[in-house]
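Read the structure below first, then the notes.
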Amino acid sequence: MKFTNFRFLMVLALVMTSRVAWGQLCTDLPVERTVSDQKGGCLALVPIGTPLIAAKTLIVMLHGDGEGQLGHRQIDRWTAIGRSLSAPDRNVFFMIRPGYQTPVGNSSGWANPKDDDYTAENIARVAGALASLKSTYKAKKLLLVGHSGGAATSALVLGKHPTVADAALLLGCPCDVPPWRNHRNAQRGRGGPWTNSLNPLDYISTIPSGTRVMAVTGSQDDNTLPEFAERWVEKASSSGVHARYADAPGLNHSSIQQWPDIHSKVSELINSL
């Protein structure tokens, strides 16, 4: 009995410790680390450096899927990317997607523990938060940098909320969701279709002509195969979007975040606006 009680207390302590690791609700965060999503909630932010009012360009980075949770490693990786993108005329933020719990803050909304959460509601929350940031910091242009699910979210924002962002860099984008899910299910020998998520490929026609987008997938990415982003770029280009696709040689789905050309491609997109 004593041993059983000891084990129970140890498990309880581990649970409590893991809870402490998560951040505050976005409603409790300092003003510079949260933003209204214009849907009655807010999203948590990590500003890179000190944000400046009226910096010409706003860069917002969006993370991939993680079953509703994001750890220090991912945040540190994005912070490093953000530092590489910093410039005197730019504000750079890392945004926590709706419903995600992280050590730096928890965002409002819903995140599916099975990751099927590219919903219209979540895309609207992200778009609302982006519009709020753009207004607060009086930015003239907004560029999105998204990886994986964050890239799909970025592509959906471009199509469903076409006045919000001016350009995007899509890294390892699952831009055609149904065949991507079939591919992942075949790899794992389990799973089914995602019934909650929107498909970025279906919302290309409403992206404003001239919008600048670059999609890049690692040549060794066996998760979001290059064909999913290539298909989106081909359709977007035929609709008047200035969309381009490129392979990142030798990189996989994770290591694409260390692609050395992220900085130069972001600068290229900004200079073309």
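The values are calculated or read from the model by the stated rules, or taken from the named source; none is laboratory data. Computed from a predicted structure; not experimentally measured. Please note: Cβ atoms are built from the backbone with ideal geometry, for glycine as well, and neighbour counts cover all protein chains shown. Only protein heavy atoms, including side chains, enter the accessible area calculation; ligands, DNA and RNA are left aside. Shrake-Rupley method; radii C 1.70, N 1.55, O 1.52, S 1.80 Å.
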Q. Within the range 130-144, which residues are over 13 Å from the mean Cα position of the chain (by Cα), open to solvent by less than 30 Å² (accessible area, probe 1.4 Å) and of a type outside the set (S, T, Y)?
A. L133, A139, L142
Q: Give the residue that is nearest to N182 (Cα to Cα), with candidates limited to residues of the range 222-260 that are open to solvent by 20 Å² or more (accessible area, probe 1.4 Å) and of a type in the set (G, A, S).
A: S254
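Which residue, of G210, G191, is closer than 23 Å to S264 by Cα, open to solvent by 10 Å² or more (accessible area, probe 1.4 Å) and of a type outside the set (F, W, Y)?
Working: G191 fails: closer than 23 Å to S264 by Cα.
Criteria check complete, one pass: G210.
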Q. Looking at the range 245-273, which of its residues are under 20 Å from the mean Cα position of the chain (by Cα) and more than 19 Å from I59 (Cα to Cα)?
A. Y245, A246, D247, A248, L251, N252, H253, S254, S255
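Suppose the filter is open to solvent by 30 Å² or more (accessible area, probe 1.4 Å), touching a Leu at 6+ places or on another chain (Cβ under 9 Å) and without any contact (Cβ under 8 Å) to a residue 60 or more places away in the chain; does S219 pass it? Write out each step before concluding.
On the way: open to solvent by 30 Å² or more (accessible area, probe 1.4 Å): yes; touching a Leu at 6+ places or on another chain (Cβ under 9 Å): yes; without any contact (Cβ under 8 Å) to a residue 60 or more places away in the chain: yes.
Spelling it out, S219 is indeed open to solvent by 30 Å² or more (accessible area, probe 1.4 Å), touching a Leu at 6+ places or on another chain (Cβ under 9 Å) and without any contact (Cβ under 8 Å) to a residue 60 or more places away in the chain.
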Q | Long-range neighbours under 6 Å by Cβ, at least six apart or interchain, first residue modelled with pLDDT under 95 within the range 261-273, second assigned to a loop (DSSP other than H, G, I, E, B) and crowded, with 20+ Cβ neighbours inside 10 Å | A | L273/D166
Q. Out of (1) of a type in the set (A, V, I, L, M, F, W, C); (2) surrounded by fewer than 17 Cβ atoms within 10 Å (Cβ to Cβ); (3) within 18 Å of L58 (Cβ to Cβ), the odd one out for A120 is which?
A. (3)
**Q.** Output for the range 30-72, where each listed residue is among the hydroxyl-bearing types (S, T, Y) and touching a Cys at 6+ places or on another chain (Cβ under 6 Å)
**A.** T34, S36
Q | Residues satisfying the stated conditions in the range 145-182, i.e. open to solvent by 10 Å² or more (accessible area, probe 1.4 Å), within 22 Å of S254 (Cβ to Cβ) and β-branched (V, I, T) | A | none
Q: Would you be able to tell me the number of residues in the range 38-55 that are farther than 9 Å from V92 by Cα, at pLDDT 95 or above and in contact with an Asp or Glu (Cβ under 8 Å, 6 or more places away or on another chain)?
A: 3
Q. Which residues, taken from the range 26-68, are within 14 Å of Q101 (Cβ to Cβ), part of a helix (DSSP H, G or I) and of a type in the set (A, V, I, L, M, F, W, C)?
A. C26
Q) Mind checking which pairs have a first residue in the range 155-167 that is among the charged types (D, E, K, R) and a second that is in a helix (DSSP H, G or I), Cβ under 8 Å, 6 or more apart or different chains? A) K160/A120; K160/I123; K160/A124; K160/A127; K160/Y203
Q: Given the conditions (1) modelled with pLDDT of 95 or more; (2) open to solvent by less than 30 Å² (accessible area, probe 1.4 Å), report the number of the one that L25 does not fulfil.
A: (2)
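Filtering the range 69-118 down to residues that are in a loop (DSSP other than H, G, I, E, B) and of a type in the set (A, V, I, L, M, F, W, C), which residue is farthest from the chain's Cα centre (by Cα)?
Let us first name the residues in the range 69-118 that are in a loop (DSSP other than H, G, I, E, B), namely 70-71, 86-89, 96-100, 102-105, 107-118.
Now restrict to residues that are of a type in the set (A, V, I, L, M, F, W, C): 70, 87, 96, 104, 110-111.
Details: L70: 12, A87: 21, I96: 8, V104: 16, W110: 15, A111: 13 Å.
Selected residue: A87.
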Q | Selected residue (criterion: farthest from L198 (Cα to Cα)) from residues of the range 124-152 that are part of a helix (DSSP H, G or I) and of a type outside the set (A, V, I, L, M) | A | T136
Q | Residues of the range 160-188 satisfying the condition of being more than 25 Å from E32 (Cβ to Cβ) and within 15 Å of the chain's Cα centre (by Cα) | A | L170, L171, G172, C173, P174, C175
